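Quick notes on the structure that follows.
Bear in mind these aren't lab numbers, they're just calculated from the coordinates by the rules spelled out. Computed from a prediction, not measured in an experiment: that's the story for all the values here. Counting neighbours? That spans all protein chains shown, and the Cβs are built from the backbone with ideal geometry, glycine included.
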Amino acid sequence: MFLITYVFILCLITVFVMYEAIVISGTPGTGKTSVAKQLSQRLGWTYVSLTEVATNEGFIKAEDKERGTLIIDEELLRKYLRELIKSRKKLVVDSHYGEIIYDDLVKKIFVLRLNPRILLKRLRSRNYPNHKIKENLEAELVGTCTYNALSLHPGKVCEIDTTGKKVVEVVQEILDVLNLRVECRVWVDWLSAKIPEDVLKLVLR
Ligand SMILES: Nc1ncnc2c1ncn2[C@@H]1O[C@H](COP(=O)(O)OP(=O)(O)O)[C@@H](O)[C@H]1O
Ligand SMILES: [Mg+2]
């Protein structure tokens, strides 16, 4: 009897003090940082940018100068996040490679999608070099972030089309999915629609 009560209390503690992370993924420029910061405020959860953590904690293995990207020691980052989540309990993780987190810590992974035409404008206004714009546009067109998220966290991935929505509206949609008022779906398909000329020109370069 004592053992059953003990196990029951342990289960209750596990359910109520569950460590978890909501991941905000998406191609660079889709609004991850803006959305993740506001979402963390609404939920009262801790905001974490994986690139900031990797840089501050020295988890950068190398730099791919040609692609202009950092090569991160994913294993070290994963372990660090497990420890961080044990102390902070609830995290909103901002990263286009946020799917690297251990699956048992992930509550949901939201992939922000943005019409490639708008994304092109945003990346241009950020003064990204052309090869970087091309790489990111291709990734958005084919849904690379969704594919990566699905391969590591099947059943936990929800796409949010952010096109024409304010940050506050995107955050509200995420909250609605979390509160089961809106369905979690993977549905965005830019390839079936006519791809705008300016996007096509850059991608086919
Ligand atoms: N929903 C939105 N509507 C309009 N502009 C946005 C929206 N979300 C982000 N932005 C703007 O787009 C740019 C990229 O946003 P950011 O949050 O840095 O994206 P990411 O972290 O995915 O690279 C910023 O200038 C930001 O102010
Ligand atoms: Mg960002």
**Request:** Provide the descending list of Cα extents for region 47-93 along its principal axes, expressed in whole angstroms.
**Result:** 38, 17, 13
**Request:** May I ask you to derive the FRET efficiency for Arg126 and Lys86 from their Cβ-Cβ distance with R0 = 30 Å, giving the value to the nearest 0.05?
**Result:** 0.25
**Message:** To test your reading of the geometry: what angle, between 0 and 90 degrees and rounded to tens, separates the Cα axis of helix 32-43 from the longest principal axis of the chain?
**Reply:** 30 degrees
**Asked** Label Ala62 and Thr163 with points 7 Å out from Cα along Cα→Cβ: what is the distance between them in nm?
**Response** 3.8 nm
**Fill in**
Log entry: pair-distance distribution for region 90-129, C-alpha pairs binned every 5 Å from zero, whole % per bin is 5, 17, 22, 16, 14, 12, 11, 2
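Tell me, what is the FRET efficiency for Trp187 and Asp103 to the nearest 0.05, using R0 = 25 angstrom and their Cβ-Cβ distance as r?
The calculated FRET efficiency here is 0.65.
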**Message:** On a 31 Å Cα-Cα criterion, which of the cross-link pairs Lys132/Lys165; Lys61/Lys156; Lys61/Lys166; Lys86/Lys132 come out too long?
**Reply:** Lys61/Lys166; Lys86/Lys132
**Complete:** the chain, Gaussian network, Cα under 10 Å: of Ala193, Ala36, Ala149, the residue fluctuating most is Ala193
**Request:** Note down the nm distance, to one decimal, between modelled labels 7 Å out along Cα→Cβ at Arg205 and at Glu138.
**Result:** 1.1 nm
**Request:** Give me the angle, in degrees from 0 to 90, between the Cα long axis of helix 167-178 and the longest principal axis of the Cα atoms of the chain, rounded to the nearest 10.
**Result:** 40 degrees
**Fill in**
Note on the chain, DSSP bridge orientation, antiparallel percent to nearest 5 equals 15 percent
**Fill in**
Ranked by GNM mean-square fluctuation in the chain (Cα springs under 10 Å), the top entry among Ile24, Ile72, Ile174 is Ile72
**Asked** Measuring from centroid to centroid over Cα atoms, what is the spacing of region 123-139 and region 53-72 in Å?
**Response** 19 Å
**Prompt:** In a solvent-free Debye calculation with one equal scatterer on each Cα, what is log10 I(q)/I(0) for region 120-205 at q = 0.25, 0.26 Å⁻¹, listed in the order of the q values?
**Reply:** -1.27, -1.29
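Between Lys37 and Lys79, 0.36 nm times their residue separation minus their Cα-Cα distance comes to what?
That works out to 12.8 nm of additional length.
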**Request:** Rounded to the nearest 10 degrees, what's the angle between the helix 116-125 long axis and the longest principal axis of the chain, both from Cα atoms, 0 to 90?
**Result:** 80 degrees
**Hydrodynamic radius of region 56-205 per Kirkwood, over alpha carbon pairs, in Å** = 17.2 Å
**Net charge of neighbours whose Cβ lies under 14 Å from the Cβ of Ser87, counting Lys and Arg as +1 and Asp and Glu as -1** = +4
